[in-house]
Amino acid sequence: MKNLEKVVSRIETELDEKDQIREIALKSSRAIVRLAGGILKGMHRDESPGGSLEELRDEVSRLTNLLTEHPDVANAGYVENALQEYTEVGIVMAVLERGDVPSPEDLGVGSVPYLLGLGDTIGELRRFCLDDLRTGRADRAAERLDQMEELTGAIMRFDYPDAIVAIRKKQDVARSLLEKTRGEMTVAMSNRQLSDRLDELLKK
């Protein structure tokens, strides 16, 4: 079997390369998740993302370029999860700043991580809504609730098997969060109206 060593050596070289790519992708994915989480936390404290956002974008660009010729690694769960976190940051920032969403092409991600990130955005908007309620910004809280409703309606359009896009759980969570937030908004507005009425009576 004169050709055996040549064939096996070639396969070994390919797998060694793939193993190296996988290790780099794992490290990069962890960095993306860490950076994205830090930016989102900072946004709730009204902090500017500053250099972290640029660092996040650069890390995503390096990862996607690295995996161009390795679709099997690109489709690994840890890579998809990292791109989903990055997408969530991009969508949340756009919604808060412009009241609109970027496209998958704008963010440089595929449709699946984009949809999953879109689903997670609803939970982040709920947190902003509750922050606004606690600080007495009822009008802005109502705007966040409207955005939650719009995004929930958008992701509910997708009815596919999990093998194509595992969005069903996020749809269930979105529905639950939306209903919960509506209830909290109703209670908060009722309490506000009652408080305003009491203030009026006390002034008389």
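The values are calculated or read from the model by the stated rules, or taken from the named source; none is laboratory data. Model, not experiment: these values are computed from the prediction. Backbone-built Cβ (ideal geometry, glycine too); neighbour counts: all protein chains shown.
Points to keep in mind about this one:
Let's see how each residue does on (1) among the polar types (S, T, N, Q); (2) over 23 Å from Thr181 (Cα atoms); (3) touching a strand residue (DSSP E or B) at 6+ places or on another chain (Cβ under 7 Å); (4) buried (at least 20 other Cβ atoms within 10 Å of the Cβ):
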residue: Val92; (1), (2), (3), (4): no, no, no, yes
residue: Asp100; (1), (2), (3), (4): no, no, no, no
residue: Tyr114; (1), (2), (3), (4): no, yes, no, yes
residue: Cys129; (1), (2), (3), (4): no, no, no, yes
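- Members of the stretch 149-168 that are in a loop (DSSP other than H, G, I, E, B) and under 27 Å from Gly183 (Cβ atoms): Met156, Arg157, Phe158, Asp159, Ile167
- Residue match in the stretch 79-102 (condition: in the same structural domain as Leu177 (by TED's automatic domain parsing), free of Cβ contacts under 8 Å to residues at least 24 places away in the same chain and not in a helix (DSSP H, G or I)): no
- Residue check for Ile39: crowded, with 18+ Cβ neighbours inside 10 Å, under 30 Å from Leu133 (Cα atoms) and in contact with a Pro (Cβ under 6 Å, 6 or more places away or on another chain): yes
- Only a single criterion out of (1) within 19 Å of Ile21 (Cβ to Cβ); (2) crowded, with 16+ Cβ neighbours inside 10 Å is not satisfied by Gly77, namely (2).
- When the residues of the stretch 42-66 are filtered to those that are in a helix (DSSP H, G or I) and small (Gly, Ala, Ser), the one that is surrounded by the fewest Cβ atoms within 10 Å (Cβ to Cβ) is Gly51.
- Qualifying residue in the stretch 177-196 (condition: modelled with pLDDT of 90 or more, surrounded by 12 or more Cβ atoms within 10 Å (Cβ to Cβ) and aliphatic (A, V, I, L, M)): yes
- Residues in the stretch 103-110 include at least one that is part of a helix (DSSP H, G or I) and either hydrophobic (A, V, I, L, M, F, W, C) or surrounded by 15 or more Cβ atoms within 10 Å (Cβ to Cβ) (or both).
- Count of residues meeting criterion [without any contact (Cβ under 8 Å) to a residue 40 or more places away in the chain and hydrophobic (A, V, I, L, M, F, W, C)] in the stretch 57-73: 1
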